[in-house]
Amino acid sequence: MDRRKFLKNSALASSLFFVPNFVKAFESVASERLGYKRLVIVQLAGGNDGLNTIIPHNNDLYYNARPKLAITKDIIKLNDDLGFHPSLSPLRALFDNGELSIINNVGYPNPVRSHFRSMDIWQTASGSDEYLQSGWLGRYLDQHGKQPYNAIEIDEQLSLAMKGERFNGIATNDFRVLYNSAKDPYFKNVLSHYNDTHLSEHNLGYLYQTMIEAKSSANYIFEHTDVKTSQETYPQNAFAKQLKNVAQFINSDLDTKVFYTSLRGFDTHANQNNKQTKLLSQYAESVAAFVSDLKRNDTFKDTLILTFSEFGRRVKQNAANGTDHGAANNVFVIGKGLKQAGFYNDLASLNDLDTNGDLKYNVDFRSVYATILSKWMDVSVEGIIPSQQKQLNFI
């Protein structure tokens with residue numbers, strides 16, 4: 001039960017206002033024990049160029065490596081060495097308010113530069129030589145979820161990250177369409193013809209159980225989502241629509257702890273500047289509107305937003321005024337009360353690259369996951385993150 005419903009429904013509600021100390025104590029208990037923390041994932045698919053996102057504006061090596069690609073104008077300087085790409089200006093207020101932590105040089109040993117394989121690694125939290133069939137969020141759901149709607153991806157298909165060994169999240173672009181699909185006569189007819197024998201059979205049982213859970217989740221999401229018009233103005237793009245849906249779910253107090261979103265198009269091998277400028281604008285404007293929406297509804301304090309991409313880009317530009325697949329990259333963490341906001345660490349040396357000409361990683365991405373699970377979601381990482389990882393201090 002959350003604090004709002006307790007105050008509304010409890011017979012004690014009318015007397016609480018006469019006991020200020022109790023109210024104050026209850027606020028603390030509600031946020032720490034009765035409520036729960038939500039995690040929103042933003043995947044920048046394609047391999048975002050981190051070096052033109054967080055720009056080493058005072059480093060000649062950067063400009064020498066990118067004579068046509070380096071950002072030279074309107075850089076939003078955040079300190080003497082690093083600054084935002086101009087398109088990230090909507091995030092400046094979050095940075096100044098201590099609500100954004102930028103972790104540089106995030107990666108893993110023996111990096112893979114294939115989109116599909118590297119994304120699998122990030123989504124499963126495996127090593128580069130491991131092949132796992134379940135995602136890190138799916139394994140979290142295995143241990144701590146009760147219903148598929150405890151984790152929702154705003155998409156038509158479910159990412160590997162959200163698939164567990166015995167539990168999967170729900171993927172939907174529109175909860176109304178999901179609800180109407182579950183009411184389809186054929187779907188209902190199939191569900192009316194199963195029995196205990198069917199459920200106990202391995203493959204058929206899995207199919208029926210999945211259909212039962214999907215129907216139940218579709219009903220729950222539809223019945224519990226407040227469809228009132230958002231007071232926040234979002235940009236007119238598909239990614240903003242995803243975040244607007246997430247805000248609607250969060251502000252409706254849906255019993256969902258994990259939300260997964262994505263913004264595609266970051267594979268910028270040619271003519272990178274225009275493409276990345278547009279994509280980063282969509283990202284920053286949409287995230288700023290999303291955070292404002294949550295703040296307006298007092299739900300930002302219980303929400304953490306993690307942005308990642310499957311790899312960074314090569315330091316040196318290519319002949320097509322783009323960048324090729326790289327390795328280490330920056331990760332953004334947005335939330336209230338971060339312990340180490342701003343720049344969590346310095347950018348890796350541009351004078352000491354790996355043998356492929358990429359930034360060297362010094363923060364394992366699984367340490368970021370482990371920190372979020374332990375310090376934000378308040379659960380053990382055992383059975384979720386395959387190997388022991390050092391806890392970080394951004395939360």
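The values are calculated or read from the model by the stated rules, or taken from the named source; none is laboratory data. Since the structure is predicted, the reported quantities are computational estimates derived from the model, not experimental observations. Here Cβ is always computed from backbone atoms with ideal geometry, including for glycine, and neighbour counts include all displayed protein chains. These area figures cover heavy atoms from the full protein model, side chains too; ligands, DNA and RNA do not enter into them. Shrake-Rupley method; radii C 1.70, N 1.55, O 1.52, S 1.80 Å.
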(message) Tally up the residues in segment 328-365 that are over 20 Å from Asn59 (Cα atoms), in a loop (DSSP other than H, G, I, E, B) and either of a type in the set (A, V, I, L, M, F, W, C) or open to solvent by less than 10 Å² (accessible area, probe 1.4 Å) (or both), please.
(response) 3
(request) Taking the options Asp298, Asp378, name whichever one is assigned to a loop (DSSP other than H, G, I, E, B), charged (D, E, K, R), at positive phi and under 18 Å from the mean Cα position of the chain (by Cα). (result) Asp378
(message) So the check is Cβ under 7 Å with 6+ separation or different chains; which pairs have a first residue in segment 307-333 that's free of Cβ contacts under 8 Å to residues at least 60 places away in the same chain and a second one that's in a loop (DSSP other than H, G, I, E, B) and open to solvent by less than 10 Å² (accessible area, probe 1.4 Å)?
(response) Arg314/Thr323; Arg314/Gly326; Arg314/Asp358
(message) Here's a check for you: in segment 92-126, which residue that is among the aromatic types (Phe, Trp, Tyr) and assigned to a helix (DSSP H, G or I) is most open to solvent (accessible area, probe 1.4 Å)?
(response) Phe116
(request) Check segment 309-325 and report whether any residue there is in contact with a Phe, Trp or Tyr (Cβ under 7 Å, 6 or more places away or on another chain), acidic (Asp, Glu) and crowded, with 21+ Cβ neighbours inside 10 Å. (result) yes
(request) Would you tally the residues in segment 46-87 being assigned to a strand (DSSP E or B) and either open to solvent by less than 10 Å² (accessible area, probe 1.4 Å) or over 30 Å from Asp298 (Cα atoms) (or both)? (result) 5
(message) Of everything in segment 126-157, what is under 14 Å from the mean Cα position of the chain (by Cα) and among the aliphatic types (A, V, I, L, M)? Give them in sequence order.
(response) Leu137, Ala151, Ile152, Ile154
(message) Given the criteria acidic (Asp, Glu), more than 30 Å from Pro56 (Cα to Cα) and in contact with a strand residue (DSSP E or B) (Cβ under 6 Å, 6 or more places away or on another chain), does Asp129 qualify?
(response) no
(message) Out of the residues in segment 248-264 meeting the condition of being under 16 Å from Glu223 (Cα atoms) and either in a helix (DSSP H, G or I) or not β-branched (Val, Ile, Thr) (or both), tell me which one is most open to solvent (accessible area, probe 1.4 Å).
(response) Asp255
(message) Here are the criteria: (1) at pLDDT below 90; (2) surrounded by 13 or more Cβ atoms within 10 Å (Cβ to Cβ); (3) more than 30 Å from Arg366 (Cα to Cα). Tell me which single one Tyr234 does not satisfy.
(response) (1)
(message) Only one of Asn180, Asn168, Asn150 is at pLDDT 90 or above, open to solvent by 40 Å² or more (accessible area, probe 1.4 Å) and closer than 24 Å to Asp253 by Cβ. Can you tell me which?
(response) Asn168
